[in-house]
Each structure stands twice: as structure tokens, then as C-alpha cells.
There are 2 protein chains.
Amino acid sequence: MTAARTGRTQAHRREQSRTALLESAARALSTYGYTNVNLERVARDAGYTRGALYHSFGGKEQLALAVVEWVDETWHSEVRGALREHQEDAASLVREIARAHARFCRRDIAGVMTTLRVEFAGQQHPVGEAVARATRKVVDDCTRLVEAGRQDGSIPEGPPADVVARAVVGAVEGLTIYLGGAAPHDELLADQAVVGLLSL
Amino acid sequence: MTAARTGRTQAHRREQSRTALLESAARALSTYGYTNVNLERVARDAGYTRGALYHSFGGKEQLALAVVEWVDETWHSEVRGALREHQEDAASLVREIARAHARFCRRDIAGVMTTLRVEFAGQQHPVGEAVARATRKVVDDCTRLVEAGRQDGSIPEGPPADVVARAVVGAVEGLTIYLGGAAPHDELLADQAVVGLLSL
DNA sequence: AAAGATACGTACACGTATGTATGTTAAGCA
DNA sequence: TGCTTAACATACATACGTGTACGTATCTTT
């Protein structure tokens, strides 16, 4: 009954190790990018060795893919999902998302997507494609909102909706990077940028 | 008199090789980043081998530094310098710069700075620091313009000038990346974003 | 409690890319 | 025309990190 004594069953132990590795990997990927990530350092920062890492993940690529999936889910639950119930006009919703996204970007894990997207831009790599898919979801979502806003009259006409949507997502992302989480200005300026891009 | 026959003096030959290597390196750095750059590929794409590269440049780091310097000079002469004579109000000048920057970003070499900045963000690497210095020059320049605009009344009050300047530079950069040189919308939307950020 | 399974550590093989040392060709100069 | 130097190519040494094989410790099951 060693499990009861230590309070750690195998499943619990595994899950704990896995999340510790994931968090460490997210920080490392955000800081160093995919290629420059050292799996030994990732494991050591989590309190393990590369052996543990290769036991829980297939390798560097699978680890990165797991991190991307994790960050993507976190974004959707904390940024997008938190605004589902709001039933305002589309323009206000885009502005709300931009502000929530700016707040999300203050956390260190947020940089994972940006770093990986830039690193794999122009290549065709599984990790880069996973990031591109996640980004595309956000842009498509924003595109629909712009189209909706132009129908309900809250957003005036302008460039094609998908172009505007890409501009919004890109501007907010670039802006938050340069501000480096300078609250509360990041949130305010993200909003201002969206106002300008949507000609509100 | 072989030089006269081939029309290539040593100095000319060296300069030609150097620029060919620089251009190839700029494309490669923009696409693959610093770590993933393969010097053999860089040299081959320029029509040489690594021997030629190591003859003209001290190594990978020196090559990257030379590329950064070259891109920085190009930016200043084509984006900033081209607007020196215009004596409009500061707000219009910022908007002009944003538009010119968007046009500049359509070219493949523009991505060098973005790629390297993201790759070396959080580290202290000579190349990263060179990029940071170049970026800082742009931001400082923009900061002065915002301050000037608030004095001549063309830009209303708001967050600190340096914060607004960082937001402007970051937003335009992120925006142009996401649009991927989708003329003419990139230029228009960069302008719109600046209008929003400056509350014009 | 013993045997099996799972979590994790250690050691090594392998590929890849940089840097350097050495060779070869082309240009400047007597 | 022959010698010197610069431009460039080739070959080798080295370092680094990934992946994998194997060993050890901890948990589970009967």
C-alpha cells in the first residue's frame, strides 16, 4: 500500500508529471522557439529527465503538438468561451475579444503560438500547421463576426471581411507583443486599434 | 589584364559576392530564422560555397549582423528618409510612415527583423540585441512624433507617448504579417489602425 | 508477498551544422 | 612572364541535441 502512504496512484502520478512537463515545455517554447528548445532543460525545469519526457510524449514534435493543443484550448475557454453568453452587437463582441486577448497575452504561455507561427512561417511542418489551424479558427471566427456586424449595421463597409479579420488579429497580437503586458494600456490600445480597423 | 577582359576587378568581384551572399542570407533568415539557417544552403543559393561565405564574413553571427545592418539601413532610407522633406503635422507623418512601412513589408527581406526579434526575445544574443537596437530607433522616433503631435494639437492626449509608439509599431508589424502583403488593403488598414491608436 | 507493469533515469549511437585548415584558381604587379 | 595575394573550394575536427536501448525504482495485482 505504498500508493496510499504517498498519496500518489500511478494515474495521478502520470498526470502530474505530464502537466509539469507541458508547462515547462510551454515556457521553453515561448522563450526559445521549437528548434532552440533543449529537451533536457525542459525536463530538468519540470523536475525530471529526458527519460520521463520520452515516456509521456513521443518526442519533441509530439510534445510541441500537445503544448499547442493545450494553449489553443486554454485560449478558447478563457478568451472566446467567456464571451459566448454576451448577446451584444458584433462590433462590441470583436472589441471584447480583443481586450480579452490582450489580457490573455500578458501570461507567458501566450507567446507559444506567436513564436511557433513565426518560426514555421513558410515551411510545412506538423507543428507549424497545427499553429496555423489554431490561428485560422480565430481568424475565421473573427471573419464571421465582421460579416455579422456589417449586416446588423454595427460595422461599416470596407475591405473584405476576411482581410479585416486578419488585420484585427494580427494587429492585436503585434501590439501586445510590443507592449509586453503593460497593463492597463495593452487592453485599451488593443481596443483602440480594433476601433480604427473596423472604422467604428 | 584578365580583369579588363572579364570586366571584373577584385574589389568589384568581392563586392558582388558579398551582396549576393547578403541577399541570400536575408531571404534565408527571414524564412528559417537564425538557428535553422544552413550556411551551405545560403552560399549555394547565392552561387557559392561556405568557403566564400567564411572569406567575406567572420561566421554565422557576423553574417546575421551584417544582414540586420543592411535591412536597417534600407528601412531608414526607403521608409523614414523618404518622408524627411514632408513638413506636415506629426499625426499625418505617423500615418505616412505606417503606410510606407506596410509597403516595405511586402518585400521578403522585411521579415528578417520580425523573425530574428521573435527568435531572440528573452535571450541576450548579439544578433538579438542588434535587432532590438534597430527596433528601438524606430520606436523612439515614433515616440518623438507622438509627443510632437500632442504639442501641435494633431494628436489628442492618451497613454504615455512611448507606450502608444510601441503599440503603433507593433500593430503595424503584426497586421502586415497577417495580411502577407495583400495590397492595397495592407496599406489602408495600417493607416486605419494608426488612426484608432492615436484616437484621430 | 511476489510477480508483473509502469514511471523514470542513464548511456550511447547517430545525424547535422559550424568552424577551421588546407588546397586551388583567378587577379594585381614587377 | 613569373610571383604574390586575394577569392573561393574542399576536407576534416568538433560540438550539440535528438532518439533509443537498457537499467532501476515505484506502483498494482493476485
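The values are calculated or read from the model by the stated rules, or taken from the named source; none is laboratory data. Quantities reported herein were computed from a predicted structural model and do not represent experimental measurements. When we count neighbours, we look across all protein chains shown, and the Cβ atoms used for this are built from the backbone with ideal geometry, even at glycine.
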Problem - the range B:104-132: number of residues that are within 14 Å of A:TYR178 (Cα to Cα), more than 10 Å from chain A (Cβ to nearest Cβ) and surrounded by fewer than 21 Cβ atoms within 10 Å (Cβ to Cβ) - result: 1
Problem - Scope the range B:33-49; condition more than 14 Å from every other protein chain (Cβ to nearest Cβ) and not in a helix (DSSP H, G or I); matching residues - result: B:ALA46, B:GLY47, B:TYR48, B:THR49
Practice task
All but one of (1) surrounded by 14 or more Cβ atoms within 10 Å (Cβ to Cβ); (2) more than 14 Å from chain B (Cβ to nearest Cβ); (3) within 15 Å of DNA strand C (Cβ to nearest atom) hold for A:ASP89, so report the exception by its number.
Solution key: (3)
Practice task
Kindly list the number of the only condition in (1) crowded, with 20+ Cβ neighbours inside 10 Å; (2) within 22 Å of B:GLU119 (Cβ to Cβ); (3) within 13 Å of chain B (Cβ to nearest Cβ) that fails for A:VAL195.
Solution key: (2)
Practice task
Confirm whether A:ARG41 is within 16 Å of DNA strand C (Cβ to nearest atom) and either over 21 Å from A:ALA132 (Cβ atoms) or within 22 Å of the chain's Cα centre (by Cα) (or both).
Solution key: yes
Exercise for the section: Please go through the range B:1-32 and pick out each residue that is part of a loop (DSSP other than H, G, I, E, B) and either modelled with pLDDT of 95 or more or within 8 Å of DNA strand C (Cβ to nearest atom) (or both). Expected result: B:MET1, B:ARG8, B:THR9
Exercise for the section: Select from the range B:92-106 the residues that are in contact (Cβ under 8 Å) with a residue 60 or more places away in the chain and more than 18 Å from B:ASP140 (Cβ to Cβ) and list them in ascending order. Expected result: B:SER92, B:ARG95, B:ARG99, B:ALA102, B:ARG103, B:CYS105, B:ARG106
Practice task
State whether one or more residues within the range A:50-60 are within 30 Å of A:ALA148 (Cβ to Cβ), crowded, with 21+ Cβ neighbours inside 10 Å and either in contact with a Ser or Thr (Cβ under 6 Å, 6 or more places away or on another chain) or more than 14 Å from chain B (Cβ to nearest Cβ) (or both).
Solution key: no
Problem - Filter result (more than 12 Å from every other protein chain (Cβ to nearest Cβ) and in a helix (DSSP H, G or I)) within the range B:147-169 - result: B:GLU147, B:ALA148, B:GLY149, B:ARG150, B:GLN151
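Do we find that A:GLY33 is at positive phi, within 16 Å of DNA strand D (Cβ to nearest atom) and in contact (Cβ under 8 Å) with a residue 60 or more places away in the chain in this structure?
Details: at positive phi: yes; within 16 Å of DNA strand D (Cβ to nearest atom): yes; in contact (Cβ under 8 Å) with a residue 60 or more places away in the chain: yes.
For A:GLY33, the condition - at positive phi, within 16 Å of DNA strand D (Cβ to nearest atom) and in contact (Cβ under 8 Å) with a residue 60 or more places away in the chain - is met.
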